[in-house]
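Asks: Sharing a structure below in structure tokens format, with a few things to ask.
The values are calculated or read from the model by the stated rules, or taken from the named source; none is laboratory data. Just so it is clear, the structure is predicted and the values come from calculations on it, not from any experiment. Neighbour counts are summed over all protein chains in view; Cβ atoms, including those assigned to glycine, are modelled from backbone coordinates with ideal geometry.
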Amino acid sequence: MYLSDWIVESDIESMQRAMEKGEVCSVDLVEAYLQRIHKFDPLLHSVLEMNPDAAQIARFLDEERKEKGKRGLLHGIPILLKDNIDTKDAMHTSAGSLALAGTVAREDSAVAARLREAGAVLLGKTNMTEWANYMSGSMWAGYSARGGLTLNPYGPGELFVGGSSSGSAVAVAANFAAAAVGTETSGSIISPSSQNNLVGIKPTIGLVSRTGIIPITRSQDTAGPIARTVADAAALLGALVGTDPKDEATLLATNRMKQDYTAYLDKSFLKRSRIGIPRYYYRNLDEARLSIVEQAISALRDHGATIVDPVSLSCEQTKWEWNVLRYEFKKYVNDYLGSLSEDAPVHSLAEVIDFNNKYAEAALKYGQNLLIWAEQTSGTLTEEEYFASLKLNESARRGIDQALEQHELDALLFLGNEGGADLAARAGYPSITVPGGYITKGPQGITFVGTAFSEPTLIKLAYGFEQLTKHRYAPRFKAR
């Protein structure tokens, strides 16, 4: 077995089979991925740093497998984490900011802890749009002052990379890890997954703990899986899900959590499914992107799905704004920064702004108008404008639920990040994107949106569509 070739597009199930047979071990997987990162990532800028302990961790897990058997689906599997997810190890957590470039977390995030418990090898941290794209209105997706600009492997420097989990998506698309964890406030998992020919799952708020993740907002933030296949994304989701006393949303969701989301890889479900087509959200699509949607609809219909076309949502004409993010950002980022060790260079949003001004040449390529805008709030979440914005977002939940109930739908279908991702994010509802085709503008995802905790249904739909169409293929790019 030529591992350098075999590792490309290899899925988690194949890796587990090979390790069980003794054909490869976790150390081999780590070394193969590190070799690919060293060879190819100088072009793409997707990985900020590697975990210097990754090989040692893999060696321990290999020994454990021999002595006790595997822990589960992720035992010995190399996983990358977005750079806003705390890990208590030699790696840093910075959200791409120079102000936090040397900061080491005091403890694991809940996400990192659960991955370690599942036996995953935390391979490294990925680049991201700085401060999860809540720093500057003109910042390019995938750019951070710490890591530079992440490029789309399907057309480096030419195609949109998507944000803000850009590094996580590019690294998985380029086969630098088995899968990765991204985070989303509004489209930051769905967008880069769609643009990089991947599967991304944005879970219902409360399914995955946010403790130890550099925040934008508690109302919309969540971590979620980015993978090359629906099966791999489902396997990773199962490891991430769980209650956390420090995140009250997870306690409210306890009874809605599943232990194994791979149980919903049921391609036959398409024949029993009802899918709504929200035409209003297609109105700005050009001919090429609309053709991707129409081809997906035809494929689903031909395979037995009931297509309800068109479907209207009561929130279609809503004039959305971003005040939930503005007001919650200062409150929750101050809470996070205030918990850092005394030797951290910044402990508040105001200090971040001052740091960036002090080192403006390196830190402020695109400015920091959004940071300044958020700093102008009280940070106490008492403003009437904030409450009004929260109430406005409730219309997203009503719009989705009313459409699903009225037409007895399993999900709504959108193109990539176009409309549906933000709608689901405002509602706190789940969405999943799966490769849908390729045009001159790059890969395009088909995104399914459902009601709260409908991940099992969305996984069935995405898996059925994936197995029916098989649009995923590896990018072809050269080492720099």
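Asks: Quick check on segment 144-153: of everything there that is within 19 Å of the chain's Cα centre (by Cα) and either charged (D, E, K, R) or in a loop (DSSP other than H, G, I, E, B) (or both), which residue is surrounded by the most Cβ atoms within 10 Å (Cβ to Cβ)?
Replies: Step one: list which residues in segment 144-153 are within 19 Å of the chain's Cα centre (by Cα), which gives 144, 147, 149-153.
Filter once more, keeping what is either charged (D, E, K, R) or in a loop (DSSP other than H, G, I, E, B) (or both): 147, 150-153.
On the way: Gly147: 25, Thr150: 35, Leu151: 21, Asn152: 29, Pro153: 26.
The selected residue is Thr150.
Asks: Taking the options Thr103, Thr87, name whichever one is out of contact with any helix residue (DSSP H, G or I) (no Cβ under 8 Å at 6 or more places or on another chain), polar (S, T, N, Q) and assigned to a loop (DSSP other than H, G, I, E, B). Break it down stepwise before answering.
Replies: Numbers: Thr87 fails: out of contact with any helix residue (DSSP H, G or I) (no Cβ under 8 Å at 6 or more places or on another chain).
Step by step, each of Thr103, Thr87 is checked, and only Thr103 is out of contact with any helix residue (DSSP H, G or I) (no Cβ under 8 Å at 6 or more places or on another chain), polar (S, T, N, Q) and assigned to a loop (DSSP other than H, G, I, E, B).
Asks: Can you pull out the residues in segment 291-304 that are touching a residue at least 60 places away in the same chain (Cβ under 8 Å) and not polar (S, T, N, Q)?
Replies: Of everything in segment 291-304, those that are touching a residue at least 60 places away in the same chain (Cβ under 8 Å) and not polar (S, T, N, Q) turn out to be Ile292, Val293, Ala296, Ile297, Ala299, Leu300, His303.
Asks: Do we find a residue being closer than 18 Å to Gly124 by Cα and of a type in the set (A, V, I, L, M, F, W, C) anywhere in segment 193-205? Walk me through it before giving the result.
Replies: Residues of segment 193-205 that are closer than 18 Å to Gly124 by Cα, as a first pass: none.
No, because not a single residue in segment 193-205 is closer than 18 Å to Gly124 by Cα and of a type in the set (A, V, I, L, M, F, W, C).
Asks: Cβ contacts < 8 Å: first residue closer than 14 Å to Gln259 by Cα, restricted to segment 64-77; second residue among the hydrophobic types (A, V, I, L, M, F, W, C) and assigned to a loop (DSSP other than H, G, I, E, B), any location; separation 6+ or different chain. Result?
Replies: Leu74/Ala120
Condition check ((1) under 27 Å from Asp335 (Cβ atoms); (2) surrounded by 19 or more Cβ atoms within 10 Å (Cβ to Cβ)) across all residues:
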residue	(1), (2)
Ser194	no, yes
Pro203	yes, yes
Leu207	yes, yes
Ile214	yes, yes
Thr222	yes, yes
Ala231	no, yes
Lys258	no, no
Leu270	no, yes
Asn284	no, no
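Asks: Next question, about the same structure. With the structure loaded, tell me whether Ser339 is more than 27 Å from Arg279 (Cβ to Cβ) and surrounded by fewer than 18 Cβ atoms within 10 Å (Cβ to Cβ) or whether it fails that test. Don't jump to the end; show me each part of the working.
Replies: On the way: more than 27 Å from Arg279 (Cβ to Cβ): yes; surrounded by fewer than 18 Cβ atoms within 10 Å (Cβ to Cβ): yes.
For Ser339, the condition - more than 27 Å from Arg279 (Cβ to Cβ) and surrounded by fewer than 18 Cβ atoms within 10 Å (Cβ to Cβ) - is met.
Asks: Follow-up question, since we're still on this one. Return the residues of segment 428-458 that are under 17 Å from the mean Cα position of the chain (by Cα) and among the aliphatic types (A, V, I, L, M); say none if nothing qualifies.
Replies: Across segment 428-458, the qualifying residues are Ile432, Val434, Ile446, Val449, Leu458.
Each row is one residue, and each column tells you yes or no for (1) surrounded by 23 or more Cβ atoms within 10 Å (Cβ to Cβ); (2) out of contact with any Leu (no Cβ under 9 Å at 6 or more places or on another chain); (3) of a type in the set (Gly, Ala, Ser); (4) on the phi > 0 side of the Ramachandran plot.
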position: His92; (1), (2), (3), (4): no, no, no, no
position: Gly96; (1), (2), (3), (4): yes, no, yes, yes
position: Gly119; (1), (2), (3), (4): no, no, yes, yes
position: Ser138; (1), (2), (3), (4): no, yes, yes, no
position: Gly142; (1), (2), (3), (4): yes, no, yes, yes
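Asks: Identify, by number, the condition in (1) within 20 Å of Ala424 (Cβ to Cβ); (2) in a helix (DSSP H, G or I) that Trp320 doesn't meet.
Replies: Every listed condition holds for Trp320 apart from (2).
Asks: Also, I was wondering about something else. Among the residues of segment 239-252, which ones are crowded, with 22+ Cβ neighbours inside 10 Å and either under 18 Å from Tyr336 (Cβ atoms) or of a type in the set (Gly, Ala, Ser) (or both)?
Replies: Scanning segment 239-252 gives Ala239, Thr250.
Asks: Given the conditions (1) touching a strand residue (DSSP E or B) at 6+ places or on another chain (Cβ under 8 Å); (2) surrounded by 24 or more Cβ atoms within 10 Å (Cβ to Cβ); (3) not acidic (Asp, Glu), which single one is not true for Gly464?
Replies: With (1) touching a strand residue (DSSP E or B) at 6+ places or on another chain (Cβ under 8 Å); (2) surrounded by 24 or more Cβ atoms within 10 Å (Cβ to Cβ); (3) not acidic (Asp, Glu) applied to Gly464, the lone miss is (1).
Asks: Can you confirm whether segment 155-162 contains a residue that is under 25 Å from Leu423 (Cβ atoms) and free of Cβ contacts under 8 Å to residues at least 40 places away in the same chain?
Replies: yes
Asks: Tell me, please, whether a residue that is buried (at least 24 other Cβ atoms within 10 Å of the Cβ), farther than 22 Å from Tyr261 by Cα and of a type in the set (Phe, Trp, Tyr) can be found in segment 401-420.
Replies: yes
Asks: Val24 versus (1) touching a helix residue (DSSP H, G or I) at 6+ places or on another chain (Cβ under 6 Å); (2) not in a loop (DSSP other than H, G, I, E, B): which is the lone unmet condition?
Replies: Only one criterion in (1) touching a helix residue (DSSP H, G or I) at 6+ places or on another chain (Cβ under 6 Å); (2) not in a loop (DSSP other than H, G, I, E, B) is unmet by Val24, namely (2).
Asks: Could you check segment 323-354 and list, in sequence order, the residues that are more than 16 Å from Ser219 (Cβ to Cβ), part of a helix (DSSP H, G or I) and either among the aliphatic types (A, V, I, L, M) or at pLDDT below 95 (or both)? Step through it out loud before you land on a result.
Replies: First, pick out the residues of segment 323-354 that are more than 16 Å from Ser219 (Cβ to Cβ): 334, 337-354.
With the extra rule that they be part of a helix (DSSP H, G or I), the set shrinks to 334, 337-338, 349-354.
Across segment 323-354, the qualifying residues are Leu337, Leu349, Ala350, Val352, Ile353.
Asks: I'm told Ala344 meets every condition in (1) closer than 30 Å to Ser431 by Cβ; (2) in contact with a Gly (Cβ under 9 Å, 6 or more places away or on another chain); (3) among the aliphatic types (A, V, I, L, M) except one. Can you identify the failing condition by its number?
Replies: That leaves (1) as the condition not met.
Asks: Could you list, ordered by first residue, the pairs with Cβ atoms under 6 Å in which the first is in segment 331-355 and in contact (Cβ under 8 Å) with a residue 12 or more places away in the chain and on the phi < 0 side of the Ramachandran plot and the second is basic (Lys, Arg) and in a loop (DSSP other than H, G, I, E, B), at least 6 apart or interchain?
Replies: Between residues of segment 331-355 that are in contact (Cβ under 8 Å) with a residue 12 or more places away in the chain and on the phi < 0 side of the Ramachandran plot and residues that are basic (Lys, Arg) and in a loop (DSSP other than H, G, I, E, B), the close pairs are Tyr332/Arg218.
Asks: Determine whether Leu404 is free of Cβ contacts under 8 Å to residues at least 40 places away in the same chain and part of a helix (DSSP H, G or I).
Replies: No: the conditions fail for Leu404.
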